[in-house]
Amino acid sequence: MIVGPAAADDALRTDAERFLDHLTVERGLSTNTLQAYRRDLRRYLAFLSSWGIRDVPAVTEEAVGAYVVQLTSSTHDDGALYRPASIARMLSAVRSFHRFELREGVTDHDPTVGIVAPKLPRSLPRPLSVEEVGRVLEAPPAGDAVGLRDRAILELLYGAGLRISELTGLDVDDIELEEGSVRVLGKGGKERDVPVGRYAREAVSAYLTRARPGFATARSRAALFLNQRGGRLTRQGVSLVLARHVRGAGLRRRVTPHTLRHSFATHLLEGGADVRVVQELLGHASVATTQIYTLVTKEHLREVYFTSHPRARREPGP
């Protein structure tokens with residue numbers, strides 16, 4: 001529930017809750033995304049209240065602009081300023097809220113129309129090399145149940161390019177080992193079938209037959225990946241698994257589950273896969289989201305060219 005600063009703000013709070021209900025029922029957003037929307041709207045409503053604004057029709061472009069200015073000068077608990085990406089996300093929540101209110105007939109104007117989002121620096125994903133991925137995947141020990149589970153987790157993250165939420169949401173029946181595919185519930189509740197290669201199939205098969213029965217309890221139900229208490233493995237649990245084996249592989253850089261997803265996409269494109277095929281495998285709604293990986297591969301090609309070709313080096317040799 002969104003909590004406002006005063007009873008006079010009931011109209012704003014009611015509209016915000018109706019908007020969140022719309023996101024839940026009509027758009028099927030994930031729990032984490034909904035929580036982010038709720039936090040962002042709570043902050044926005046508190047700002048509107050400080051301006052004496054009590055309902056959506058009273059919100060002006062000036063008020064929204066002042067809110068963005070406040071965000072750009074706000075800091076985290078450690079004193080660091082909010083990053084442009086965080087501000088852009090908060091503004092996106094505000095835009096979506098006002099557009100919803102306009103469609104619902106609550107107001108006759110959208111005060112966010114003239115608001116310019118902060119310019120985001122373009123940052124390319126930093127995938128691992130094929131050799132680095134191999135070292136991480138081979139890090140879990142093969143002789144115990146935890147190692148078998150961890151190897152299956154890592155092989156699926158990289159072999160199918162899964163988001164961490166997609167991986168933790170898998171049930172046993174979602175894996176088709178004979179067919180070599182996994183049924184994934186992606187963003188917006190959209191299902192997709194992703195091929196699974198031999199290494200991942202073998203790792204999951206070993207986990208299912210030799211490790212999962214030892215983890216399973218009455219509370220496990222159909223969950224594929226389990227913690228040592230028999231519960232469904234969480235996002236935090238998967239991140240800890242990966243971090244442990246990144247250290248074991250001797251890598252000295254930050255590697256997240258999404259890094260393996262980046263690596264999956266980049267290595268496919270470097271291997272000649274069509275960008276629209278990669279889009280489908282990743283579950284991206286738009287090919288524009290996938291095309292950032294084509295920039296990564298171009299950078300890789302340039303680097304290989306300039307460091308390998310005898311007449312292409314940027315600086316003359318000694």
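The values are calculated or read from the model by the stated rules, or taken from the named source; none is laboratory data. Keep in mind it's a predicted model, so treat the numbers as computed, not measured. Glycine also receives a Cβ, built like all others from the backbone with ideal geometry; neighbour counts cover every protein chain displayed. These accessible areas exclude ligands, DNA and RNA; they are computed on the full protein's heavy atoms, side chains included. Shrake-Rupley method; radii C 1.70, N 1.55, O 1.52, S 1.80 Å.
Just a few scattered comments:
- Projected label distance in nm at SER73 and LYS190, using a 7 Å step from Cα toward the beta-carbon: 4.1
- Label selected from (1) 60, 44, 37; (2) 54, 43, 38; (3) 67, 64, 38, the criterion being Cα extents along the principal axes in Å as computed here: (3)
- Residue of LEU226, LEU282, LEU12 that the Gaussian network model of the chain assigns the largest fluctuation, springs spanning Cα pairs under 10 Å: LEU12
- Percentage relative contact order, the chain, counting C-alpha pairs under 8 Å, at least six apart: 15
- The residues of the chain expose on average 55 square angstrom of accessible surface per residue, using a 1.4 Å probe on protein heavy atoms.
- Kirkwood hydrodynamic radius (C-alpha pairs) into Stokes-Einstein, the range 199-318, 4 °C and 1.567 mPa s, D in µm²/s: 72
- Theoretical FRET efficiency, 1/(1+(r/R0)^6), r = Cβ-Cβ of THR307 and ASP10, R0 45 Å, to 0.05: 0.10
- The relative contact order of the range 1-141, computed from alpha carbon pairs under 8 Å that lie at least 6 residues apart in sequence, is 23 percent.
- Helix 10-25 vs. the chain, principal-axis angle (Cα, 0 to 90°, nearest 10): 30
- The chain: calculated mean residue ellipticity at 222 nm from DSSP helix runs of at least 4, using -39500 (n - 2.57): -17000 deg cm²/dmol
- Rg then Dmax, both in Å and based on the Cα atoms of the range 224-284: 14.7, 43.
- Its residues counted as N, the range 95-152 yields a C-alpha radius of gyration over 2.2 N^0.38 Å of 2.38.
- Cβ-Cβ FRET estimate between SER92 and GLN291, R0 fixed at 22 Å, reported to 0.05: 0.60
- Maximal additional length on extending the THR217-ARG198 stretch stands at 4.0 nm, based on 0.36 nm per residue less the C-alpha distance.
- Take 146-153, 206-213, 74-81, 229-236 and order them by the average number of nearby Cβ atoms within 10 Å per residue, most first; the result is 146-153, 206-213, 229-236, 74-81.
- Carbon/sulfur fraction of accessible area - the chain, other protein chains in place, 1.4 Å, %: 51
- The range 155-276: relative contact order as a whole-number percent, Cα under 8 Å and 6+ apart: 28
- For the range 36-53, 3J(HN,Hα) per residue [Karplus equation, 6.51 cos²θ - 1.76 cosθ + 1.60, θ = phi - 60°, Hz, x = Gly/Pro]: 5, 4, 4, 4, 5, 5, 4, 5, 5, 5, 4, 5, 4, 4, 5, 8, x, 8
- When the Cα gyration tensor is reduced to axis lengths a ≥ b ≥ c, the ratio a/c is 1.5 or higher for the range 58-182, and with a/b above b/c it is classed as prolate.
- Within the shell of other residues whose beta carbon sits under 14 angstrom from the beta carbon of GLY65, the net charge comes to -2, with Lys and Arg scored +1 and Asp and Glu -1.
- Contour minus Cα-Cα distance for ALA66 and HIS300 (0.36 nm per residue): 80.0 nm
- In a DSSP loop and with at most 11 other Cβ atoms within 10 Å, the GluC sites (Glu not before Pro) in the range 7-63 are GLU26.
- The range 134-149 - phi-based ³J(HN,Hα) in whole Hz, Karplus 6.51/-1.76/1.60, Gly and Pro as x: x, 5, 5, 5, 8, 5, x, x, 8, x, 9, 5, 5, x, 5, 5
- Those lysines that a straight Cα-Cα span of less than 21 Å connects to LYS298, excepting residues fewer than 8 apart in one chain: none
- Whole-angstrom Cα spans of the range 17-95 along principal axes, big to small: 35, 32, 17
- From most to least packed by mean Cβ count within 10 Å, the peptides 238-248, 160-170 give 160-170, 238-248.
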